[in-house]
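Some notes on the structure that comes next.
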Amino acid sequence: MNTSTSRLGRLVPLAGAASALLTAAAYLEIGQNPDSNARVSTITRYYSTHHAHAFAGGIMLMYAAVFFALFGVAVWARIRATTLHPVVAGAALAATAIATVSDLAYASSWYMLGDLGTKHTISPAALQSLHIAVSAGDLPGVAGLGILLLAIAVAGIQAGAFPRFIAWSALVLGILQLAPTPGAFGFLAGLLVLPWMLVAGIAMFWRPGDSAPAAAPWVGRSQAPA
């Protein structure tokens, strides 16, 4: 591996920090929006006035999803380098794919709300349906994120692939993501992931050599002794 490739590989985990910052900026840009059960007239009036904020927020969420995908790949590469069973790395990669696709769809909904907010050819009912979709949250994305966090926890605790404080906090956050936590508590649990990703991305960048395997080597079926 040449020096430039090695340097690029070390920089990739910082995509987690970039994703967290962009997500926070997007929510601040979108701001407070009507509840999902708001009147149709309230929703149409809101997006007619705040369409630019929803549009910009959707674009930022799109880039946040792309950076999240890169962060997930960096996580997968670290786990794959350990002696853990390949299913752990596979789960991390699959979870990243699920969360990324869902996050891109969520970002696209905000983008469309901003784009359609001032178009009089769009029926109020269609705008309301789209608003309800984004207000309902990003359930597949939450599930994917929860699985990714648990894979990080297993790899960090069992194989030392991640710093201990990252692994144990990932375990707590992963359980919170997958547990049924509706309302304000569920929203708070989701927000806590943002500072975690910021810290995790920076920690993976500064400590690239933490993946010292501690688990017993996994022996594939084709390598098993006769």
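Where a number appears in this text, it was derived from the coordinates with a stated rule and is not lab data. Values in this document were obtained by computation on a predicted structure and should not be read as measured data. No Cβ is skipped: glycine too gets one built from the backbone with ideal geometry, and neighbour counts run over all protein chains shown.
Points worth noting:
- Modelled FRET efficiency - R0 35 Å, LEU188 with THR49, Cβ distances, 0.05 increments: 0.80
- Ordered from longest to shortest, the equivalent ellipsoid semi-axes for region 9-213 are 35, 16, 13 Å, each the square root of 5 times a Cα gyration tensor eigenvalue.
- Region 22-56 residues near the modelled TYR63 label - backbone nitrogen below 16 Å, point 7 Å along Cα→Cβ: 22-30, 53-56
- Lys/Arg +1, Asp/Glu -1 at C-beta; region 9-213 dipole; positive extreme among SER41, ALA56, ALA151: ALA151
- If you plug the beta carbon distance of SER123 and ALA97 into 1/(1 + (r/R0)^6) with R0 = 41 Å, you get a FRET efficiency near 0.75.
- In this calculation the C-beta distance from ASN37 to SER108 is compared with R0 = 25 Å, giving a FRET efficiency of 0.60.
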